[in-house]
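Beneath this line is the structure, given in structure tokens, with notes to follow.
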């Protein structure tokens, strides 16, 4: 055990002291670099892993290998990075290129071969060093809008090849390609009573502090009058000189009476740490108001490696006869910095604003297993599911399981179980546990043992046993039945399922499987005729779509085509 602790400590030091090559990699695009998203930016359930590079609001721009190496992985997905290429470089780093429209040349040909070999649009391939070498400046693909992209751009990131930690591209010299003389923007600063006994400015709930701009460019906040345990939070963003997007800040550091207290710098972290964003931000405020306040304290420690905290984990004890100074510094990668000073004093004035009322009937301790059951429904929370202890609301109403509300983040999966001893076996085959969010219904992968349905999820809220007996819908915007379509380059169909969602889709031309690319944003299936499957003359098209509980729909049509036209 002693050896393991020493090794981990030494390994962390070595990694932290790594120096990165700043003149080794080129830009992945041949247009000026503009960011629509930067490294460490706060996203739903994760920190952003790289740069989002603008592509002039269009697709099809050349994407270049940033250095010599070999393609080590290609992944094609309907979500996430969409069509993505990974290149391993001899200096120990991996570059990633996501949301591509398609790959280039022989790379695309190989991808197409695997699509047809596996008869699937979603594929993942891994390569050895001698199988797909590339040179610096080689066109590897073309920018697009695939996967979970919300508009045309290139997702670009670096990873340590061995550890797979993601690394801020700025550390590789890309700061030379971006102009930024602007300081970060401070949207708001809050002070939090950390426990139920503490009062802050006569309130038992978070208090927004007014900020006054000083002649030297710094800010002074309202005086904080408190007793007990308090912490601070800040809402902030950064812009540069050319991109005009509200991106994330690079570094936040707080000081208590001149000593470093709590801070973090977005240099590198692992994918396993991504979900800790829900512990870092005020999750309840984000869910209710869509405002991300980054907390500069921990009620309970969590393992986010970018955080450096004093022994108090950022929680300050406001005691009698105390007059203290708290300072927050917010910086971008270029050193542009905003400073906020906050005076603190002890105060025992009576509370005028009590803590926010909360409907609850149980109390959950984060470090212990918890199991709740009522009627035919139950939930099991393993120890460590949540970051902090909290008052928990559990109920069953009108066949709906109420698990508090999505204002408390879960870090790991918990298990929901619902029993149904009334439905027939055939009816049970079409049932799943769904999450109810207003008028929206989200499918969850559900497994069954006899009459018991089970699912593993990571979101609190309302759940119910849902029956889906409706088959998916398939439509074509421009009917082609019996028509000559020699001038068309593609066939496009729309597919949709109202309840459990699409599980699989397959297309066939004249009985032979064809590649149909699926865009989950538009719900469109597209087949490109240049795959070479289509016949001269008459062609029979068949498309099968199956939802997550096995309901299926088949679309069939016949068209004619002259390949020589």
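The values are calculated or read from the model by the stated rules, or taken from the named source; none is laboratory data. This is a predicted model, so every value here is computed, not measured. All Cβ positions, glycine included, derive from the backbone under ideal geometry; neighbour counts span all protein chains shown.
Of all residues in the range 448-482, those satisfying the criterion of being farther than 25 Å from residue 431 by Cα and surrounded by 14 or more Cβ atoms within 10 Å (Cβ to Cβ) are 476, 480.
Of all residues assigned to the range 244-251, none qualifies as being without any contact (Cβ under 8 Å) to a residue 60 or more places away in the chain, assigned by TED's automatic domain parsing to the domain that holds residue 203, surrounded by fewer than 21 Cβ atoms within 10 Å (Cβ to Cβ) and under 30 Å from residue 364 (Cα atoms). Can you confirm whether the range 315-332 contains a residue that is in contact with a helix residue (DSSP H, G or I) (Cβ under 9 Å, 6 or more places away or on another chain), surrounded by fewer than 18 Cβ atoms within 10 Å (Cβ to Cβ), assigned by TED's automatic domain parsing to the domain that holds residue 260 and closer than 17 Å to residue 233 by Cα? No, there is no match, as no residue in the range 315-332 is in contact with a helix residue (DSSP H, G or I) (Cβ under 9 Å, 6 or more places away or on another chain), surrounded by fewer than 18 Cβ atoms within 10 Å (Cβ to Cβ), assigned by TED's automatic domain parsing to the domain that holds residue 260 and closer than 17 Å to residue 233 by Cα. The set of residues from the range 202-216 being touching a residue at least 24 places away in the same chain (Cβ under 8 Å) and out of contact with any helix residue (DSSP H, G or I) (no Cβ under 9 Å at 6 or more places or on another chain) comprises 202, 203, 204, 205, 209, 211. The one condition from (1) out of contact with any strand residue (DSSP E or B) (no Cβ under 9 Å at 6 or more places or on another chain); (2) under 30 Å from residue 179 (Cα atoms); (3) surrounded by 17 or more Cβ atoms within 10 Å (Cβ to Cβ) that residue 284 does not meet is (2). In this structure, residue 423 does satisfy being assigned to a loop (DSSP other than H, G, I, E, B) and at pLDDT 95 or above. If you go through the range 333-350 and keep only what is surrounded by 15 or more Cβ atoms within 10 Å (Cβ to Cβ) and out of contact with any helix residue (DSSP H, G or I) (no Cβ under 9 Å at 6 or more places or on another chain), you end up with 336, 337, 338, 339, 340, 341, 342, 344, 346, 347. Does residue 166 satisfy the condition of being in contact with a strand residue (DSSP E or B) (Cβ under 8 Å, 6 or more places away or on another chain), in the same structural domain as residue 317 (by TED's automatic domain parsing) and buried (at least 19 other Cβ atoms within 10 Å of the Cβ)? No. Identification of strands (runs of 3 or more DSSP E) wholly contained in the range 22-72 with 1 or more residues that are in contact with a helix residue (DSSP H, G or I) (Cβ under 6 Å, 6 or more places away or on another chain) and at pLDDT 95 or above yields 51-54. Here is the figure for the range 206-222: residues that are surrounded by fewer than 14 Cβ atoms within 10 Å (Cβ to Cβ) and assigned to a loop (DSSP other than H, G, I, E, B) total 5.
Considering the range 443-495, the qualifying strands (runs of 3 or more DSSP E), each wholly inside and each with 2 or more residues that are touching a residue at least 60 places away in the same chain (Cβ under 8 Å), run over 461-467, 473-475. Each residue in the range 106-135 was checked for being more than 30 Å from the chain's Cα centre (by Cα), under 23 Å from residue 516 (Cβ atoms) and in contact (Cβ under 8 Å) with a residue 12 or more places away in the chain, and 1 of them qualify.
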